[in-house]
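These notes are about the structure you will find just below.
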Amino acid sequence: MVIGTLADEVTRRAEAVGDRISGAFFEPVIRLGVTGLARAGKTVFITSLVANLMDRARMPQLVAQADGRIVAAYLQPQPDDTVPRFDYENHLAAITAAEPFWPESTRTVSELRLSLKVRSGGLLGGFGGPRTLHLDIVDYPGEWLLDLGLLEKSYAQWSADVLDWADRRAEARDFLAVAEAAAGQTTWEEPDARALADAYKAYLRAARDAGHADITPGRFLLPGEMEGSPALTFAPLRPEDAPARKGLWREMERRYEAYKDRVVKPFFRDHFARIDRQVVLVDALSAIHGGPPAVEELRRAMADILGAFRPGRNRFLSSLLMGKRVEKILFAATKADHLHHTQHGRLTAIMEALLRDAVDRASFAGADTAAMSIAALRATVEETVNHGGHPVDCVRGRLLTTGKQAALYPGELPEDPKRLLNPARSLAEGWLDADYNVMAFAPAPLRLKPGEGPPHIRLDRAAQFLIGDRL
Ligand code: GDP
């Protein structure tokens, strides 16, 4: 165990040096983590970001681009041979097809290396050739981050926490009945374990569909390559005073510990600990549409995610990081093309208030943090319609369900974020004075001129925050 930890540390030290420089030419590398809960928009974000960094006509807020210093951007083989490659070409083909469609969402960790040739700025910029910077983009499910909390919880503690929430939710009724029947089982067969785990997963799926964000273990709904393995076939059971040595409770406990050792720790060691900058994508509009409890869960999830980046938060993580810390974290509300631009400032103010709260809750300090509202791929156009003699600012797009054009008025976000955050905190049943709508739009057919990437909203500002200082 001790030897294992030491070996890990030695490897990390060597890697920490290797990560920042690449090959014999000492070319700097930035590892950019892209995360967010399922459907937050990670796949679309990476696809559009890469396309817009290669064809940069729509990136005026990226300062190095505005200064004409980016000479070239091109994809290269990634440095990690055992990590799946982000399927950029197929995802781009989906959004640029004659009849475009949304690409398949993130299901596991994947990586892509984009290299940028950049001329230095300033007086000495003209001397020497352009330098190369490698941007390694690492896409991973936000659900996996929340597993960090498991490392400090025993099986009994985790079960008690999870069941406490489950007791209050209608979606958990069937699972609780199966768990009740399994209590105190002194012998068991694999189908018993599977039935229990399947019932638990069905509950997690229903909880996620109802907008709940506290889905642990994170791999149960996004198993990656581990699907069906015993380390992913367990479930919480109520604490027992003297569980039988060969009983079901002890087996569940053993599998929970195996999950932490074999699944959670390797992810944090191999991927998370190597990240330099991070963007966390948040589907804030869907949460607002979901009502106050959904916004409250979003607020808690943001604090939990930020907590994962707090230095010294966790003994295991501190031993991996050895003082290295993420330098910048951007929380971006995605899909801002559901709003007329006159409301973007309000969405950003809500994100900023949520971020401030998350920083306070997680006692987070150190990294440079920011909040923004963006759309990685603009699927709508703006339109002002006349509604009973009043002009109403809408967006128009093709509906995903019917393929028909429709105008959406999503509701008016309050100027003061507290008007949303206070009812959320008190878990009010509904918004007092407003109603919010979202619609799923299909991506719009694109007619790109040479040099243009897909249309977006503020993707260039996001890129400037995340990597602009290194270009
Ligand atoms: P992931 O699970 O985080 O990888 O999420 P995806 O990137 O697959 O996005 C999930 C869904 O959100 C997509 O299928 C789209 O329906 C929607 N979406 C993502 N980005 C945008 C955007 O910029 N604009 C709009 N209108 N919808 C988006």
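Looking across the range 446-469, just one residue is more than 10 Å from ARG58 (Cβ to Cβ), aliphatic (A, V, I, L, M) and in a loop (DSSP other than H, G, I, E, B), and that is LEU446. Considering the range 123-142, and only residues there that are in a loop (DSSP other than H, G, I, E, B) and within 16 Å of the ligand (Cβ to nearest atom), the residue that is modelled with the lowest pLDDT turns out to be PRO141. Do we find a residue being on the phi < 0 side of the Ramachandran plot and either modelled with pLDDT under 90 or more than 16 Å from the ligand (Cβ to nearest atom) (or both) anywhere in the range 40-51? Checked against the condition, which is being on the phi < 0 side of the Ramachandran plot and either modelled with pLDDT under 90 or more than 16 Å from the ligand (Cβ to nearest atom) (or both), the range 40-51 yields no hits at all. Total residues in the range 444-471 satisfying the condition of being under 25 Å from the mean Cα position of the chain (by Cα) and closer than 20 Å to LEU399 by Cα: the figure is 5.
Out of the residues in the range 19-37 meeting the condition of being modelled with pLDDT under 90 and of a type outside the set (D, E, K, R), tell me which one is farthest from the ligand (Cβ to nearest atom). Taking the candidates together, the pick is ALA24. Screening the candidates VAL162, VAL109 for the property of being among the β-branched types (Val, Ile, Thr), buried (at least 20 other Cβ atoms within 10 Å of the Cβ), touching a residue at least 40 places away in the same chain (Cβ under 8 Å) and not assigned by TED's automatic domain parsing to the domain that holds ALA242 yields one hit, VAL109.
Okay, residues lined up against (1) within 11 Å of the ligand (Cβ to nearest atom); (2) touching a helix residue (DSSP H, G or I) at 6+ places or on another chain (Cβ under 8 Å):
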site: ALA371; (1), (2): no, yes
site: ILE374; (1), (2): yes, yes
site: GLY388; (1), (2): no, no
site: VAL395; (1), (2): yes, yes
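Pairing each residue of the range 386-404 that is β-branched (Val, Ile, Thr) with any residue that is in a strand (DSSP E or B), provided the two are 6+ apart or on different chains, yields C-beta distances under 8 Å for VAL392/THR384; VAL392/VAL385; VAL392/ASN386; VAL395/VAL381; VAL395/GLU382; VAL395/GLU383; VAL395/ALA407; VAL395/LEU408.
List the number of the failed condition for ALA440; all other conditions in (1) closer than 29 Å to GLU296 by Cβ; (2) within 14 Å of the ligand (Cβ to nearest atom); (3) touching a residue at least 60 places away in the same chain (Cβ under 8 Å); (4) under 25 Å from the mean Cα position of the chain (by Cα) hold. It fails just one condition, (3). Do we have any residue at all in the range 206-214 that's assigned to a loop (DSSP other than H, G, I, E, B) and buried (at least 20 other Cβ atoms within 10 Å of the Cβ)? Yes, because at least one residue in the range 206-214 is assigned to a loop (DSSP other than H, G, I, E, B) and buried (at least 20 other Cβ atoms within 10 Å of the Cβ). Does GLU143 satisfy the condition of being of a type in the set (D, E, K, R), in contact (Cβ under 8 Å) with a residue 24 or more places away in the chain and farther than 21 Å from LEU49 by Cα? For GLU143, the condition - of a type in the set (D, E, K, R), in contact (Cβ under 8 Å) with a residue 24 or more places away in the chain and farther than 21 Å from LEU49 by Cα - is met. Applying the criterion of being more than 16 Å from the ligand (Cβ to nearest atom) and of a type in the set (Asp, Glu) to the residues of the range 336-369, the residue that is farthest from the chain's Cα centre (by Cα) is ASP360.
Yes or no, residue by residue, for (1) within 22 Å of PRO130 (Cβ to Cβ); (2) at pLDDT 95 or above:
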{"position": "HIS91", "(1), (2)": "no, yes"}
{"position": "ALA97", "(1), (2)": "no, yes"}
{"position": "PRO103", "(1), (2)": "no, yes"}
{"position": "LEU112", "(1), (2)": "yes, yes"}
{"position": "ARG119", "(1), (2)": "yes, no"}
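When ALA64, ALA93 are screened for being without any contact (Cβ under 8 Å) to a residue 60 or more places away in the chain, away from the ligand (no atom under 13 Å from the Cβ) and either surrounded by 15 or more Cβ atoms within 10 Å (Cβ to Cβ) or not in a loop (DSSP other than H, G, I, E, B) (or both), only ALA93 passes. Of the numbered criteria (1) within 13 Å of the ligand (Cβ to nearest atom); (2) closer than 19 Å to ILE288 by Cα, the one ASP435 fails is (1). Does GLU429 satisfy being outside any helix (DSSP H, G or I), more than 13 Å from the ligand (Cβ to nearest atom), under 27 Å from ALA370 (Cβ atoms) and of a type in the set (Asp, Glu)? No.
When residues in the range 215-272 are screened for being of a type in the set (D, E, K, R) and assigned to a helix (DSSP H, G or I), 13 of them pass.
If you go through the range 348-364 and pick out every residue that is free of Cβ contacts under 8 Å to residues at least 40 places away in the same chain and more than 30 Å from ARG396 (Cα to Cα), you end up with 2. None of GLY149, GLY142, GLY184 is farther than 30 Å from GLU111 by Cα and either touching a Gly at 6+ places or on another chain (Cβ under 8 Å) or of a type outside the set (Asp, Glu) (or both) except GLY184. Against the test of being under 18 Å from the mean Cα position of the chain (by Cα) and hydrophobic (A, V, I, L, M, F, W, C), the options LEU163, LEU196, LEU176, LEU112 yield a single qualifying residue, LEU112.
Set side by side, the residues VAL279, VAL295 differ, and just one is within 23 Å of ARG219 (Cβ to Cβ), aliphatic (A, V, I, L, M) and touching a residue at least 24 places away in the same chain (Cβ under 8 Å), which is VAL279. Before we move on, is ALA284 buried (at least 22 other Cβ atoms within 10 Å of the Cβ), closer than 28 Å to LEU196 by Cβ, in the same structural domain as VAL359 (by TED's automatic domain parsing) and within 16 Å of the ligand (Cβ to nearest atom)? Judged against the criteria, ALA284 is not a match.
The values are calculated or read from the model by the stated rules, or taken from the named source; none is laboratory data. Note that the coordinates shown come from a computational prediction; the quantities given were computed from them, not determined experimentally. Every residue, glycine as well, gets a Cβ built from its backbone with ideal geometry; the counts of neighbours run over all protein chains shown.
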